[in-house]
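Below is one structure, written out as structure tokens, with a few remarks after it.
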Amino acid sequence: MRTLIVEDDPLLGDALATGLRQLGHVVDWFRQGQQATASLAATAYDAVVLDLGLPGDDGMVCLTRWRAQGVSLPVLILTARDGVDQRIAGLDAGADDYLVKPITIDELAARLRALVRRSAGRSQVVWQHGELEYDPASKRVRWQHQPVDLTRHELALLEALLAQPQRVLSKDTLQEKLYDWREEGPESNTLEVHVHRLRKKIHPAIVRTVRGVGYALGAGEAVS
Ligand code: CA
């Protein structure tokens, strides 16, 4: 999943970005609300981690603006230990959850998984698509009960397709789920390479090509 972090504290921001990347998130980290707002308008994020105390527009101002603009994706706010009023105001302004600093990466990641699950209307912890199983917590993939070993980018691609099983996703949207702003602009055909590998490692029909548009999740059964 692609996660936006807005945190002005350099040590905490770096720890959050590094920790979530190690857990397979594609992460963009901004220290200011204005930059985050601009990136949010241009990128297909799955969730936002928002510090409330920020220079310039603070987190509450950003959150209120995003919700007024119709941004519906899950937002988790980070607050200080004594900030109970802030937490209430944050939830009332449209936050979906909060964590009190100091936080642990594992708890943050678990909360984000729960938020994304809820926003997708999913109650199942392990995602199932026919004979394919994906556990977003452990990042384990099984096909016909056998483990499938995928790279970070292949996993991100599969996760993006499984997250919206009914939709055709454009190549641009999928690229956004695979690479953050720091990474080198990927070669134009890398997405195709990842699609090819998913088909090879799982089965040929697992990804459907929609010519001129992009890709969609394909069959969950190995039909011959
Ligand atoms: Ca802060």
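State which stretch of the chain is the longest one without any exposed trypsin sites (Lys or Arg not before Pro), exposure meaning a DSSP loop state and at most 16 other Cβ atoms within 10 Å.
1-80
Using a 10 Å Cβ count of at most 14 others and DSSP loop calls, identify the longest part of the chain lacking such GluC sites (Glu not before Pro).
1-182
Is there a quick way to get the dipole size of the chain? I mean about its Cα centre, with the Cβ of Lys and Arg at +1 and of Asp and Glu at -1; what is the value in debye to the nearest 20?
Here the size comes out at about 860 debye.
Seen from all sides and averaged, what is the projected area of the convex hull of the Cα atoms in the stretch 35-80, in nm²?
The Cα convex hull of the stretch 35-80, projected and averaged over all directions, gives 3.1 nm².
Collect residues whose amide H, placed 1.01 Å from N in the peptide plane, falls under 5 Å from the amide H of Asp97; neighbours closer than 5 in sequence don't count.
Placed amide hydrogens put Val75, Ile77 under 5 Å from Asp97.
Can you sort His25, His145 from fewest to most other Cβ atoms within 10 Å of each residue's own Cβ?
Going from least to most buried by this count: His145, His25.
With a bin width of 5 angstrom, please list the P(r) values of the chain as percents of all Cα-Cα pairs, from the 0 bin to the one holding the largest distance.
Using 5 Å bins, I get a P(r) of 1, 6, 15, 18, 19, 15, 11, 8, 5, 2, 0, 0, 0 for the chain.
Kirkwood Rh, the stretch 70-114, all Cα pairs: how many Å?
After inverting the pairwise mean of 1/r, the radius is 11.0 Å.
Throughout, read-outs are computed from the coordinates displayed, never taken from laboratory work. As the structure is a computational prediction, the values presented were derived from the model and not from experiment. For neighbour counting, all protein chains shown are included, and Cβ atoms are generated from backbone atoms with ideal geometry for every residue, glycine included.
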